[in-house]
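Note sheet for the following structure.
Bear in mind that the values in this text are calculations on the coordinates, not laboratory data. Remember, it's a predicted structure, so these values are computed and weren't measured experimentally. Note that each Cβ is placed from the backbone with ideal geometry, even for glycine, and that neighbours are counted across all protein chains shown.
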Amino acid sequence: MAMDSSDIQRSSRRKFLEFVAGSPLIPYLAVSGTIFGRQTMALSAETLPASPYEVSSPAKAFDVFDLEEVAHKNLPIAHWAYLAGGVEADATLRANREGFAKFQIRSRRLIDINKLDTSVELFGKTWPTPIVLCPVSSQRCFHPDGEIATARAARARNHLQMLSTVTTAAVEDVIEAQGTPVWHQLYPTTQWEITKALVKRAEAAGCPVLAITVDNVTNAGRETLARGRAMDSRDCKSCHSTAPGGYYARKSMFDNLDISNLQFVSTAPYTWDLVRKVQDLTSMKVILKGIVTAEDANLALRHKVDGIVVSNHGGRGDESGRSTIEALPEVVKAVDGKIPILVDSGFRRGTDIFKALALGANAVCVGRPYIWGLAAFGQAGVERSLEILRAELEAAMKTSGTPSIKSINRSFIQRT
């Protein structure tokens, strides 16, 4: 039956409100009962729960969402939108969080958990925690100390850190601040000579592992970011050049390279031939960040890749609507213990981390939570975010009856 004009208006309004309800920009959009000039009902953002008191210091944050709230207050709207948004309607971003609710923990009792061993081994090095800091780009847009503050926090808390290709601090400076070599993430570029130079510089700096990101093949569809930019009244050109290659002008890994004709990294040809060329170029371990299917995991084994990060770029790579925690089991089954598997995207709680470890991940990478800490309180905020997640993981291990990371296995998880 055809709808009349009032039906169409009601349907359009409902769809618009459904979109707004899921938008990370709610705190900026909902002003005086209007959203983009339209009258609307009162809406609340589940992703930004209000604290019962002011979080005026890192110690006052009960969970990482408290740090998120402070970060969103501190950041300009365009920077917040860059950090908070995903792709198109942000469905995959939401799916990453909703996916954890599909798995429940089967807790065991009467097990001695007085001494916990949270250590993991990755490529011959032992870390005291399975929580890894994801590569996040342009960290100086969240705090003046950027990646250096993050590195100092990782050093203080003894966490493995991955550094982004588009870091705003030089890899050599980050390693000095960290006190140990970091892993390096690679965005292949449209020019092989530049890609080659990036790899060689990371290797020369002492990075033992290179993580090639393979899931960010387009920069299109980031609607939340676009809206945030449109609502930002600052002159962004004062920091962001519009000249050819200007995106890389403030990215330290591109210093002394000819970037005049360089296009955005995601337009590079992502193929298995590219993986082989990078492998032939370096003695670093080469892992792939962005594998989410058994088919690609099998191909990774065939191409002698050293490890996998199950990732959808935190919901920023594509709008698949599928969470990484749901993708993890099939990748684990395909790999069958032959190479390490890490996972990221959507991890916010210690129980999230526990579930991934139980499903077969060797380590779990977090991104936004430590950046919330960075934007909120600098190095101290990063340290607090890591402290919270470690404490929550240890609590989950104790209540589940798992005294070591090695004791966490598939028997502790059921799926609805």
Treating every alpha carbon of the stretch 268-339 as one equal point scatterer without solvent, the Debye formula yields log10 I(q)/I(0) values at q = 0.12, 0.19 Å⁻¹ of -0.32, -0.79
Lys and Arg at +1, Asp and Glu at -1: neighbours of SER411 with Cβ under 9 Å from its Cβ sum to +3
Taking the convex hull of the alpha-carbon atoms of the stretch 171-216 and averaging its shadow over every direction gives an area in square nanometres of 3.3
So, relative contact order of the stretch 278-416 in percent, Cα under 8 Å, 6 or more apart, is 19
Inter-part gap, Cα centre of the stretch 123-174 to Cα centre of the stretch 382-398, in whole angstrom, is 18
Stokes-Einstein, Kirkwood over Cα pairs, the stretch 284-410, 37 °C, 0.692 mPa s; D in µm²/s equals 215
Ordered by fewest other Cβ atoms within 10 Å, a rough proxy for footprinting exposure, PHE100, PHE62, PHE347 read PHE62, PHE100, PHE347
In terms of the alpha carbon gyration tensor, root eigenvalues a ≥ b ≥ c, rounded if a/c is under 1.5 and otherwise prolate when a/b exceeds b/c or oblate, the stretch 82-225 is oblate
As straight-line cross-link partners of LYS115, the qualifying lysines (C-alpha separation under 16 Å, not fewer than 8 residues apart within one chain) are LYS398, LYS406
Shape call for the stretch 77-129, from the Cα gyration tensor axes a ≥ b ≥ c (a/c under 1.5 means rounded, otherwise prolate when a/b beats b/c, else oblate), comes out oblate
